[in-house]
Every structure is written in structure tokens, then in C-alpha cells.
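Okay, so here's the structure we're looking at.
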């Protein structure tokens, strides 16, 4: 187990069978300057370093039209995170909170979510600022930011 | 195939083997007034109807502390969505855009994401406003909203 994964005083875990309610496909990966978890900032910064969103070749046409947006949402798989923590002690002081009231990467479905600033579209994907995750993190999805998004068709109701 | 899943003129698909890069666990489900996909609004509305976020009993302590937030992010599994569309034609007019530049539910990993207004915590989960998804949609995660979230520990760097 990674040292950062050790249980802290007061934390509780769930002992459940392996998950298999649905299955994911990695569509690419993220390239960041953060080689270890200790290097990762606690939150991304839109003025932080440039990072790359690299899509597998098959999926690259799926980015067509993304250039119109200044902000995109990225969903990614926090592949090093343990998944059994029900309550956590962020300050390691014995005070615990539920996993769902924290943005800790340690959660039943370790899906990371960041709104990032789109710097450029390039041949193999995107250049962005604002990520805080490990170099090599698998990519699940790219979505245009809801706030910046203009619905393409009239409301249905 | 659901009629809403028929390919429209100009749309392109990817023919890939079944996904299995990672596996999800459903931690609950969403209860909304929207019984069919035709009933779902195109976007959620914070003044829309009250909806329920129902967690499986094991996971309910994971919500401890969520009461402090006015806005939460929900991640859920769009279980009726086809996953092979690479480009889509939202207006059905032959003009296509990449799936990753749309918020369509039809995507390689059909994970829905909504920021919703937290109305109350209740015994089995949460009451919220702002959802636009089908009644019965499986729940993947609850996160406090990034904007409203105060980091619990000092920055590392």
C-alpha cells in the first residue's frame, strides 16, 4: 500500500466485494509536471503550468468543435486511490467527515473532475491549465463547460 | 435499440471491443420526475422540481458534513446511453461536432455530471434541485462544489 493510503485515526472503511456495476474505457491520458502524489497541488490553478490532454488516436475526432470553449471539464480515473474509505480525517487529527463531503481522491469511484482553461487544441489533444493530478492519469471524458455552453437546440419544454 | 439512439445523418461511430479499463460501483440512485428520456429537460434548473439522491445504506455515513454546502456535484451513470458515437449531429441537420465538444449523454464513458442545489439532508440521502436525468439513474459520486469548498488543510506549496 502507498504510504499516503494508510488509515488515519478515526477513519472508517467499507469491506465490499469488488465493484462491477459498469465498466470504463480510458480514452487517453493526462500529462502534468506532477510525478508523485506529493508533488500534486491540492487544487489546480488556471495560472498554473501547461498540461497536456492526450487522446488515443481513434478518439481525436471527438474533439471537433472544442476550440469554441474557453473552459472544459475533464473527468479522469484516479488510478492510485484506495476506494474503501467511508469517512476521512483530512487533518489527521481524529476529526472525521464523510468521503462525499470531501474532494479527496480516495472515494468509492475515484473519478477526478477538474474545470480547466483551454489553451490550445493540438494534434494529439489539448493544452490546458488548471490540473492538479498525477502525470499519466487515465482520461475518461472531456465536456464543454456547462456555464460556457450554449445549448444547440431549443428547450424541449 | 431505443429510438432516440438511431444514428443521424453525418454521425460517425467507433467499433471497439467492450470496455474494461476500470470498474464502477453504484452507490445509490437518483429519483426524479422524469420517467422517460423524452421527459428529461435539456438542462437542470435550480428552481426545478425537488429530486432525491438515495444512497445505499452502507454509504450513508459518507455524507457526514455535506450539510455545510449549498451546492454539490453529482456524478451518475447514464445507463441507457449508447457509447460508440464519435461525432454527433445535435440538430439532425447533417452538421456534426465531436462528442467531446457536446454535453450529450451519448459518450464513450456515459458519466453524467450536474451541479445541484442542496435542499436538505434526509435519512436515506439528499433532497436537491437541478437534475435533468431519468428517474432511477445510478449514482456514482457526491462531491462538495469546488467553488464553495474551503480546503481543510493549508496548501502544500
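Laboratory data are not the source of any read-out in this text; all were calculated from the coordinates shown. If you're wondering where the values come from, they're calculated on a predicted model, not measured in any experiment. Using ideal geometry, Cβ is built from the backbone for each residue, glycine included, and neighbour counts are taken over all protein chains shown.
Here are the numbers for this structure:
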read-out	value
Calculated label separations, residue A:18, copies of the chain, 7 Å along the beta-carbon direction, nm	1.4
Per-residue average of Cβ from other chains inside 10 Å of A:20-30	6
Using alpha carbons only: equivalent-ellipsoid semi-axes of the range B:1-91, gyration tensor based, whole Å	31, 20, 12
Spherically averaged projected area in nm², based on the convex hull that wraps the Cα atoms of the range B:21-147	8.7 nm²
Per-peptide average of other Cβ atoms within 10 Å, ordering A:114-125, B:99-110 highest first	B:99-110, A:114-125
Axis-nearest residue of A (beta carbon) for the A-onto-B rotation, whole Å	A:23, 3
Shielding of B:89-98 by partner chains, average beta-carbon count, 10 Å	3
Other protein chain Cβ atoms within 10 Å, averaged over every residue that makes up B:103-115	5
Copy-to-copy label separations for residue A:41, where each label sits 7 Å from Cα toward Cβ, in nm and ascending	3.5
The protein assembly as shown shape via C-alpha gyration tensor axes, a/c threshold 1.5	oblate
